[in-house]
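The values are calculated or read from the model by the stated rules, or taken from the named source; none is laboratory data. Bear in mind the structure is a predicted one, so any value in this text is a computation, not a measurement. Each accessible area value is taken on the protein alone, full model and side chains, heavy atoms only, with ligands, DNA and RNA left out. Shrake-Rupley method; radii C 1.70, N 1.55, O 1.52, S 1.80 Å.
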Amino acid sequence: MPKQVAAAQKAFLSAKADFFKLAAKTDKAITKERDALRRKLKQANNKLKKTRTKLVAAEKKLQKSGAAAAKSQVEKMNKLVGEAKSEAMELRETLHDVSERVKASKEFSATAKFFQRGIEKLDKEWEKHIEKKEKSKPKAKAAKKKAAKKKVAKKKVAKKKVAKKKVAKKKVTKKTAAKKKTTKK
């Protein structure tokens, strides 16, 4: 039975370590992905700002000159702005999904840390309990030995007293019997 318990404890400890490592690894990976998406979104927003400023400049040119080249440039800029907007929206949606995953990962990590702290506290309490037992074992054994010696000593003393009383009673009965014999004559 102790071998089975030891094997179960070993399996539990390895599963516990794997659980905590997995929680930390998942949290790191999702956080890294979120940060990468934030950088991409920032780049997309900067690109959108630049294309908007170019579009405004092209529209001003179109108003001044009214040339067909300026008109085609404005149309191109409108397409670029639309593409930049759609790209930024896609990144925002993806970032939102990743943020939800990060939130779930944080909860998972918090749960893992909570369990880890709880298990560490239990381990410490268990170690203290074992140490107390180990310290009290020699004292308990010594106390048991002393108690056993006292019992043996008390029994011997009690037996001697009983034996002395019996011997004394026998002497008294012999004396009284002898007195009775002498008094009857």
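Tabulated data
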read-out: Region 1-87: relative contact order as a whole-number percent, Cα under 8 Å and 6+ apart; value: 27 percent
read-out: Set of aspartates and glutamates near K135 by C-alpha distance (under 14 Å), chain-local residues within fewer than 8 positions excluded; value: E127
read-out: Probe 1.4 Å, accessible area per residue of region 1-42, Å²; value: 81 Å²
read-out: Pairs beyond 23 Å (Cα-Cα), from K16/K132; K10/K124; K54/K85; value: K16/K132
